[in-house]
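Worksheet: one structure, shown below.
The values are calculated or read from the model by the stated rules, or taken from the named source; none is laboratory data. None of these values were measured; they are calculated from a predicted model. Here the Cβ positions follow ideal geometry from the backbone for every residue, glycine too, while neighbour counts run over all protein chains shown. Note: areas computed on protein heavy atoms with side chains; ligands, DNA, RNA excluded. Shrake-Rupley method; radii C 1.70, N 1.55, O 1.52, S 1.80 Å.
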Amino acid sequence: MIADLFADLWAQLIPAALSGWSMAVLLASSLLTSFITAAFGAGGGVLLLGIMTVYLPVTAVIPLHGVIQAGSNAGRMALGLRDIRWPMVLAFTAGGVIGALAGSQVLIRLPMGWMELALGAFILWACWGPKPTLRRGSRARIAAGGAITSLVTLFVGATGPFVAAMLRTMQLDRHVHVSTFSACMVIQHGLKIGVFGLLGFAFAPYLPFLAAMLAAGFVGTVLGRVALSGLSNRGFHTILNVILTVLALRLLFSGTHSLLAG
């Protein structure tokens, strides 16, 4: 009886596009990548994005990734609420609204192949490209960063490295950095969810899947928060970059094939 109930519940969690094994891999990935971001400050969102492109239709990846990342960052935000620098978050939000509105006008005209190429190129840049070096940020610069990254996130999904680089110029304490970064990302992913919803993406069939991914991500966040002060970055980013590079090359191949076939 208990086994049958578990099987029925498991079946309800799995979207039509996924197998049971794929669902298990994605749940484990949500936990792991939330742990990575909570413990190391960034990196998990890009890795989860790359893994999701293997198992889900590319047209569904960015909106679903947005919901999962909003929930994951909300968990980190709640755990570090007292460390958030709210004036920075408000400035980021003001710019983010402008960027999301501008990006929505371009998004509806973008062929799927180009989106795959944009995702692949972005992931490669996040791994190996030069990171932005910004001067110590004023509220105006933070608002500008919010506008640019909120526009870009509609096409590449995970703009965490950009936002993290912007906040790094503020020379914040590590806990303050992670908490403020999480609050900014909740805002940005929330705007992205709203844009895709207005453009007609159907979130409803994925709700059980998203709930399971969010629960797994929260567990990873709690574990990562505990480990935040005791982990070393040595060797971690090299391994992460190799994994992401393989996923990015797959996207570039797929996108090129789609455009040539079209």
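Descriptive notes on the structure:
- Considering only residues in region 87-107 that are closer than 13 Å to Val152 by Cα and of a type in the set (S, T, N, Q), the one that is least open to solvent (accessible area, probe 1.4 Å) turns out to be Ser104.
- Residues within region 165-188 that are hydrophobic (A, V, I, L, M, F, W, C) and more than 18 Å from Ala94 (Cα to Cα), tallied: 5
- Which listed residue, of Ile14, Ile84, Ile68, is open to solvent by 10 Å² or more (accessible area, probe 1.4 Å) and either modelled with pLDDT of 80 or more or closer than 26 Å to Arg141 by Cβ (or both): Ile84
- Verdict on Thr153 being more than 18 Å from Leu198 (Cα to Cα) and either part of a helix (DSSP H, G or I) or at pLDDT below 75 (or both): no
- Residue match in region 21-40 (condition: open to solvent by 20 Å² or more (accessible area, probe 1.4 Å) and at pLDDT below 70): yes
- Residues of region 96-111 classified as modelled with pLDDT of 90 or more and either part of a loop (DSSP other than H, G, I, E, B) or over 19 Å from the mean Cα position of the chain (by Cα) (or both), total: 1
- Only one of Gly224, Gly230, Gly262 that is at pLDDT below 85 and either among the aliphatic types (A, V, I, L, M) or buried (at least 21 other Cβ atoms within 10 Å of the Cβ) (or both): Gly224
- Every residue from region 121-148 that is modelled with pLDDT of 75 or more and surrounded by 24 or more Cβ atoms within 10 Å (Cβ to Cβ): Ile142, Gly145, Gly146
- The set of residues in region 163-199 being more than 23 Å from Ala60 (Cβ to Cβ) and not aliphatic (A, V, I, L, M) consists of Arg168, Thr169, Gln171, Asp173, Arg174, His175, His177, Ser179, Thr180, Phe181, Ser182, Cys184.
- Within this structure, Ala216 passes the test of being at pLDDT 85 or above and over 25 Å from Leu151 (Cα atoms).
- A single entry from Met170, Met115 fulfils the requirement of being farther than 27 Å from Ser19 by Cβ and either modelled with pLDDT under 85 or more than 16 Å from the chain's Cα centre (by Cα) (or both): Met170.
- With respect to the conditions (1) at pLDDT 85 or above; (2) of a type outside the set (Phe, Trp, Tyr); (3) under 20 Å from Ile187 (Cβ atoms), Ile51 falls short on a single one, namely (3).
- The residue pairs whose first member lies in region 193-210 and is in a loop (DSSP other than H, G, I, E, B) and open to solvent by 60 Å² or more (accessible area, probe 1.4 Å), whose second member is of a type outside the set (A, V, I, L, M) and at pLDDT below 85, and whose beta carbons are closer than 9 Å, counting only pairs six or more residues apart or on different chains, are Leu199/Ser104.
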